[in-house]
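To start, the structure itself, in structure tokens.
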Amino acid sequence: MISKIQHILQTSARVKEAIADDAVMTDTIARIAGIMTEAFRKGNRVYFCGNGGSAADAQHLAAEFSGRFYIDRPILPSEALHCNTSYLTAVANDYGYNEAYARIASSFTKGDVLVGISTSGNSENIVKAFEVCRQKGVTTVGMTGEKGGKMAPLSDFWVGVPSNDTPRIQEAHITVGHIICQLVEEQLFG
């Protein structure tokens, strides 16, 4: 069992090291932080969405902005789209689950940012929301596994974690998300 634990931890570390060693990916992460910083400066919002464990990650990262990360500061307007369960279940019932994020994305304004988190990159409800955002001039950030699925070409900024293993991808997503939160907070509040 000990060797299994060590193997899992080493594999997780290797995925994150691969991100750190990829100049394009680290530049993309820096650019995402810059886009989010600019959105907050202009009074726009950053939204997150995902399904299952990725929904939990979306909610976690939205809370880092709307609460605090390292610095005691004013809130940064951010939310996870699935947190209003009455809305989510009503839209799923009336229009279908695949429309839930797209329908709310239709209320976003140019300058807002939508982060979609999906290990496969093929979550249809996120894909549809990205399509709406593209029409409205809302910036999209896709966080997926290495293949990117349907989300990659719809992402203005794409972080394709170099793995096909769902738990390792999710661990890297939260690490990348934390890096972005830290950079944004530092740029806005020192």
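The values are calculated or read from the model by the stated rules, or taken from the named source; none is laboratory data. In this text the structure is predicted, and so the values were computed from the model without any measurement. Cβ: placed from backbone, ideal geometry, glycine included. Neighbour counts: every protein chain shown.
Using the structure shown, decide if LEU61 is within 21 Å of ILE174 (Cα to Cα), touching a Gly at 6+ places or on another chain (Cβ under 6 Å) and surrounded by 13 or more Cβ atoms within 10 Å (Cβ to Cβ). Steps first, please.
On the way: within 21 Å of ILE174 (Cα to Cα): yes; touching a Gly at 6+ places or on another chain (Cβ under 6 Å): yes; surrounded by 13 or more Cβ atoms within 10 Å (Cβ to Cβ): yes.
Yes, satisfied.
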Handout entry: Pairs with Cβ under 7 Å, 6+ apart, first in segment 3-20 and closer than 12 Å to VAL176 by Cβ, second among the polar types (S, T, N, Q)
Key = VAL15/SER163; LYS16/THR175; ALA20/THR26
Fill in the blank from the handout: Selection from segment 116-159 of residues among the small types (Gly, Ala, Ser), more than 18 Å from TYR95 (Cβ to Cβ) and part of a loop (DSSP other than H, G, I, E, B) yields SER118, SER120, GLY121, GLY137, GLY148, GLY149, SER155
Fill in the blank from the handout: Being under 27 Å from TRP158 (Cβ atoms), part of a helix (DSSP H, G or I) and in contact with a strand residue (DSSP E or B) (Cβ under 9 Å, 6 or more places away or on another chain) narrows GLU79, GLU99, GLU64 down to just GLU64
Completion exercise
Pairing a residue in segment 75-98 that is modelled with pLDDT of 95 or more and surrounded by fewer than 13 Cβ atoms within 10 Å (Cβ to Cβ) with any residue that is in a loop (DSSP other than H, G, I, E, B) and among the small types (Gly, Ala, Ser), where Cβ atoms lie under 9 Å and the two sit 6 or more apart in sequence or on different chains, gives ILE75/GLY67
